[in-house]
Every structure is written in C-alpha cells, then in structure tokens.
Amino acid sequence: MTDLHHAELGLSDSDVLKMYETMLLARRLDERMWLLNRAGKIPFVISCQGHEAAQVGAAFALNPTRDYIAPYYRDMGVVLHFGMTPRELMLSAFAKAEDPNSGGRQMPGHFGYKKKRILTGSSPVATQVPHAVGVALAGRLQNQHYVSFVTLGEGSTNQGDFHEGANFAGVHKLPVIIMVENNQYAISVPIDKQLGGNVADRALGYGMHGESVDGKNPLAVYKVMKEAVDRALRGEGPSLIEAVTYRLTSHSSDDDDKYRSSEEVAQGKANDPLLLFGKYLVDANVATKETLEEMNGKVMEIVNDATEYAEKAPYAPPEHALKYVYWEGDE
Amino acid sequence: MAVLSFIEAIHLAMKEEMERDEKVFILGEDVGKKGGVFKATQGLYEQFGEWRVLDTPLSESAIAGVAIGAAMVGMRPIAEMQFADFILPAVNQIVSEAAKIRYRSNNDWNCPIVVRAPYGGGIHGALYHSQSVEALFANTPGLKIVIPSTPYDAKGLLKASIRDEDPVLFFEHKRAYRLIKGEVPLDDYVIPIGKADVKREGDDITVITYGLCVNYALQAAERLQDDGISVHLLDLRTVYPLDKEAIIEAATRTGKVLLVTEDNKEGSVMSEVAAIIAEHCLFDLDAPIMRLAGPDVPAMPYAPTMERYFMISPEKIERAMRELAAF
C-alpha cells in the first residue's frame, strides 16, 4: 500500500491499531445504517464508505481537547475520533431526542456537538468554511492556540463560500486546515466536469500551502495533516489538503448510482482503504488476520448495542418543535 | 446627556461595548484604517487595534460567515455590510446558518452576531445604494431585525443587540446618519429588542412605522395638530419579530390606521402589520387599513425627480393622514 511506515511518523503499534479500529467502526456503523434504511427503519443514509482512511488519518493529527472541527456530512470517521459515540451516531440516524447533534431535528450526517468541539453544520455545502475561519480568528483574538479543521467535498470547492473563506484565512494567516475529500463525484457529476484544474492548486490563489495526498492511505494523510497542524501552530497560516479517494456507495440512500459503470465501482472496491490498511497492519506485523477478525467481532457488538439502544430510545415530543428558536434562558 | 447625531450614537454604542467587553469586535470592508465609508467606526481602529476593528477582503459572505464562526466560540462580532444592498451575497450565511444554529443544534450552539447595514434612500444612491431589505429577512424565525429611528434608540438598541444571545440584523437609515440629532445619555443603557415605542400620543388616527419614516411622520403630525387632528404614532423599532400587543393596542386606540414604510409596498413588513390588525382588530376599525409605501418597482432611480417620487416624505405622510382622518 505504501512506502510509509507508521514508526517513521511517530505512531506506535497501538496508535495504528486504534486508527484501524476507528475506520472499521465507521464502516460497520455505516453499513448497518444502510440495512436499517433498506428495512424501512430509518429514512436516510449518507455514507462515509471509502473516506474512512482520509477522515481517521486526518483526525489523528488533531487534538480533540484543543482543536475545533467543522465536519461535512460524510465525516463519521472524524467525529468518532472526536468522541461522538456509536450510540450517539445511531440516535441521530433514528432521529431520537437524545441525539446530541440535533435532538432529531436534522438529517443524519449533520454533525454538531459543542462539548466535543464539533461545530454544528447544515445542508448548503461549503458554508462551514467561513465558520472554521471565524473560529480560528477567535483564537487569534483571544490568544488561544488551536487549529480549526474543516472538510468538504471536491464539488463544494466550487462554491463562493469555499473561496471567500479560504481567501480570508490566507489574508490573515489563520490556523485553518481545509481538507477536501475528493471522491471523484458530486452526486453524478464527475470531477472533470466540476473543476477546470486541480483542488490542491487552488491554494496558490489564497496564498496558502496546498497539497494532494492519497486519501486511501491513513498514514499518508496523517503525515501531511501533522505537518499542516505544525505550520498552523507555528503561525505559518492555513493549508489546503486534497485527500483523493473514491466513493464506494451511491451518493446517498436516495441515489440510484446508475451513472457509474460497475467496472469502475468494482475497481474502487478493490482499492478499499479498509482492506488496504488491514493488509498493511498484517504485513507490518502489527496484527494478524485473526486479531483483525477478533476486532471486527468486538466492533459488531458495539454496532449492535448502538442500534438496539437508539431504536428503543424515545422521539422528542411533537411540541418540542417550537423550542429553541431564540434563547430561552440558561438551562 | 449630549446632543448627538444618529451616527454618533451608533459609534458611541460600539465604542462603549468594546470598552466593556473585549469579546466585542468589528469586521467589515473599510471599517479599520478608514473608519468606515460613513465614519461609523472612526477612531476605533486607533483605540482598539487592527484585530478588533478588522478590515476584511471584499467578501460579504465571508464577513457574515467568519462572524458566525467566531460567535459560536464565544466572541461578540459586529459585522458591517457597507450597504444593505450588498448583504445579498451573505443571505445564505444569515438565513441558512445564523438564524438556524440554535434551533438545528437543539440549543447546543448559538450565534450572537450583529450585522449592521445602512439602508434607505434619499441620498442619490440609485438602485443599489438605497434599498430597504428588511422584508427579505422578516419571515426568518431565529433572526431579529432592529431598525431604530432616533439617536437615543439607536444607542440603546445597538447595545442590546450586541449583548443579545441570538443573531440581530441592525439596519440604519443612511439619510438619518447626519440629518437626525437628539439627546443621548453618555452612560450605559439598553433598550429591549422586540418592544415597539409610542413616539406620540393621540386619539384621532394611528400611524405605525419605523426608521427614518418615524421622523417624517412626527413632522406631519405636528402640522395636523394645528388643524385639531390628533395623531397616535407607534415606532415598531423591531420589525421582526413584531410587537403584536403594541400594534393591536395602537390600532384599537383610534380605529383608523396608517402604515408607512419606505420599502416596496407588496410583501413589506407593513403587510404583516396589516394582517395582525385584520386578525385582531377588525371590529374596532372605523376605516380600511391604509398603507403608504414605496411603489412596486425594483428600486429607486438616480435622477432626483424619480428618486423623490419613490421616497416617503413628510408631505406624502401628511396627505395620507388627512385623507384617513376625513374618512
């Protein structure tokens, strides 16, 4: 998979096992959500499948007790590392009252959790980029040292808010890291019909560091992210990282995915980052097929528990829809 | 107390709030070194430094969006749109983001930003430096829209907006900036958002309006007084959400209601005020609800003849008042 060895990056065996476990957990939760959707139990799924290496590799370079994140809708791997639990993710999928993201108000994938430093997100794409820049500006104003991390898809880099936010960060040299998870498609429209050039090259216009990296390899993503974090904390300004990967599912549970050839999808699945990283761990003598199987068993228990818990949890009462339009006093 | 112009009152509110709370900061185009194109922030760059009075790229969506991000982590940003007409690139940030952050996060996050913008015509600003944009935002729960009419109100309402826990759009009539002067306390006070204010007591007809038109309506009311017609004048001060109680009370008091706005008539804030009166006061009315507003053309033209035709004036209000009183 890679010439990189985790030890050269300062990662221990247990670090990379934890990385793999987080990727695996994201994958299995996502797969379960599809089953629940097809069984008619949850209305909608939007997937992280194929993105786990980029997400988890990047998140491991951040500090969940120091940094802020503004994730986009596919970022299950990122929010898991920042402390959102499988139960909480399932509560969101089932739109239950206890869901910390929105109490069942938003579709799944619209993350937000103040205690975990996860900014609340919406559906219009790229609006989170200026928010992340504002978070970084607040740090500068208050002399607090943290990194503000924001993600989006490659199609979303065509939005004005991507450009406006990136340029603002570049002008003021703010500690922002923008990671574009380039999965080759904006729903049905392929990248060659979305961008006239390359994602990473856009950094040049904003006066920031731009870099494209293999998003199927968590170690490669970790490496460039770690460097970006170090630059940000040294006051050297923002970075734009393009993590190149492939979307293994349809855009969402409401998309028929008929615009891609089955050969192309099969090729993508042959390069599934989860398989590649599992093989790396075995080759590097960090794990065996048996220990990975054992880990999978444990992860499935967690997924089962989360599903059961969330399915049984109550919905918000109907009139709760009227609450929290404005401040209602300190609770 | 001191006699201050409208814009001096706004300046003073920001200065006092920045001295009181170091989390308050200003961002926008030309707000720093230049002190704003209308000089609302003059001297603040020198007093508070370039980071707290931040010149931004020419980029309205980022001005709003960056303010939102900073507000979410505890800052109190005042984002300046150079003209209300140029707020449109930031609408997605204001309507999809700021207005919904508390609601969509189930009260986990909030967004205490103030977006200040000069609105209104009568200054030879033509189509794109004259518009009233409040109606574009006035059916967005989660937002508050404040439009003051006097220097006293401007200072107290702006301070309340900065301290508010939710996003506030603060629209300042640019013709009022230097035209309107009034007594302003030099100490700290706030005026509650969401409360309308009776600017004049009267018994024959009720006028409901906001912003610069309040001043015009007061002048017109003076002229009617000489003819023995007594005008009750309600200043909305907050145009969203509306102070329904005060509207109902003012309409019921005289049974004859004139609603005045400089905005285009159809779908304006006054359309909602009319609906509230129709819902609650029908049997107390002695005349049909009357509206005086800008014509339904895209915006006001540059040439003085056409600009005057569009604009509300004390004379136009006086004519409407006399017509209503005679009904």
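Annotations for the structure displayed:
- Residue in region A:184-195 that is within 14 Å of another protein chain (Cβ to nearest Cβ), assigned to a helix (DSSP H, G or I) and surrounded by fewer than 18 Cβ atoms within 10 Å (Cβ to Cβ) present: no
- Qualifying positions in region B:98-138 - within 14 Å of chain A (Cβ to nearest Cβ), touching a helix residue (DSSP H, G or I) at 6+ places or on another chain (Cβ under 8 Å) and in a loop (DSSP other than H, G, I, E, B): B:Ser105, B:Asp108, B:Trp109, B:Asn110, B:Cys111, B:Pro112, B:Ile113
- Residues in region B:250-273 that are touching a Cys at 6+ places or on another chain (Cβ under 9 Å) and closer than 24 Å to B:Lys174 by Cα were compared, and the one that is surrounded by the fewest Cβ atoms within 10 Å (Cβ to Cβ) is B:Val260.
- Wholly enclosed helices (runs of 4 or more DSSP H) of region A:32-98 bearing at least 1 residues of a type in the set (Asp, Glu) and out of contact with any strand residue (DSSP E or B) (no Cβ under 6 Å at 6 or more places or on another chain): A:52-60, A:86-93
- Index of the failed condition, B:Glu50 passing every other in (1) assigned to a helix (DSSP H, G or I); (2) farther than 22 Å from B:Phe6 by Cβ; (3) within 14 Å of chain A (Cβ to nearest Cβ): (1)
Results for (1) within 22 Å of B:Arg102 (Cβ to Cβ); (2) at pLDDT 95 or above; (3) within 14 Å of chain B (Cβ to nearest Cβ); (4) part of a loop (DSSP other than H, G, I, E, B), shown as yes or no for each residue.
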{"position": "A:Val286", "(1), (2), (3), (4)": "no, yes, no, yes"}
{"position": "A:Glu293", "(1), (2), (3), (4)": "no, yes, no, no"}
{"position": "A:Met300", "(1), (2), (3), (4)": "no, yes, no, no"}
{"position": "A:Ala306", "(1), (2), (3), (4)": "no, yes, no, no"}
{"position": "A:Glu311", "(1), (2), (3), (4)": "no, yes, no, no"}
{"position": "A:Tyr315", "(1), (2), (3), (4)": "yes, yes, yes, yes"}
{"position": "A:His320", "(1), (2), (3), (4)": "yes, yes, yes, no"}
{"position": "A:Val325", "(1), (2), (3), (4)": "yes, yes, yes, yes"}
{"position": "A:Asp330", "(1), (2), (3), (4)": "yes, no, yes, yes"}
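- Residue in region B:313-327 that is part of a loop (DSSP other than H, G, I, E, B) and closer than 20 Å to B:Val133 by Cα present: yes
- Residues that are facing another protein chain (nearest Cβ under 9 Å) and part of a loop (DSSP other than H, G, I, E, B) were ranked within region A:118-143; the one that is farthest from B:Phe48 (Cα to Cα) is A:Ser123.
- Given (1) under 30 Å from B:Asp85 (Cβ atoms); (2) not in a loop (DSSP other than H, G, I, E, B), number of the condition B:Ala278 does not satisfy: (1)
- B:Gly28 being over 30 Å from B:Val273 (Cα atoms), crowded, with 22+ Cβ neighbours inside 10 Å and more than 11 Å from every other protein chain (Cβ to nearest Cβ): yes
- Single residue of region B:35-47 satisfying the filter (assigned to a helix (DSSP H, G or I) and surrounded by fewer than 20 Cβ atoms within 10 Å (Cβ to Cβ)) that is farthest from the other protein chains (Cβ to nearest Cβ): B:Glu46
- Scope region B:74-97; condition at the interface with chain A (Cβ under 10 Å from one of its Cβ atoms), assigned to a helix (DSSP H, G or I) and touching a Pro at 6+ places or on another chain (Cβ under 9 Å); matching residues: B:Asn92, B:Gln93, B:Ser96, B:Glu97
- Applying the criterion of being within 17 Å of A:Met19 (Cβ to Cβ) and of a type in the set (Gly, Ala, Ser) to the residues of region A:63-84, the residue that is surrounded by the fewest Cβ atoms within 10 Å (Cβ to Cβ) is A:Gly83.
- Checklist (1) closer than 30 Å to B:Asn106 by Cα; (2) of a type in the set (Asp, Glu); (3) surrounded by 14 or more Cβ atoms within 10 Å (Cβ to Cβ) applied to A:Asp272, failing item: (1)
- Within region A:199-215, being of a type in the set (Lys, Arg) and at positive phi holds for no residue.
- Options A:Leu174, A:Leu119: the member that is more than 20 Å from the chain's Cα centre (by Cα) and touching a residue at least 40 places away in the same chain (Cβ under 8 Å): A:Leu174
- In summary, A:Gly153 fulfils each of the numbered conditions (1) crowded, with 20+ Cβ neighbours inside 10 Å; (2) in contact with a helix residue (DSSP H, G or I) (Cβ under 9 Å, 6 or more places away or on another chain); (3) of a type in the set (Gly, Ala, Ser) with the single exception of condition (2).
- Flag for A:Gly83 being small (Gly, Ala, Ser) and under 16 Å from the mean Cα position of the chain (by Cα): yes
- Test result for B:Ile63, on the phi < 0 side of the Ramachandran plot, surrounded by 20 or more Cβ atoms within 10 Å (Cβ to Cβ) and facing chain A (nearest Cβ under 10 Å): yes
- Where B:Glu172 falls short, out of the listed (1) under 30 Å from B:Arg322 (Cα atoms); (2) acidic (Asp, Glu); (3) over 14 Å from the mean Cα position of the chain (by Cα): (3)
- Scanning region A:85-103 for residues that are within 10 Å of chain B (Cβ to nearest Cβ) and buried (at least 20 other Cβ atoms within 10 Å of the Cβ) turns up A:Asp99, A:Pro100, A:Asn101, A:Ser102, A:Gly103.
- A:Pro273 being within 14 Å of chain B (Cβ to nearest Cβ) and under 28 Å from A:Gly210 (Cα atoms): no
The values are calculated or read from the model by the stated rules, or taken from the named source; none is laboratory data. Treat the numbers as computed from the prediction; the structure is a model and nothing was measured. Here the Cβ is made from the backbone with ideal geometry for all residues, glycine too, and neighbour counts use every protein chain on show.
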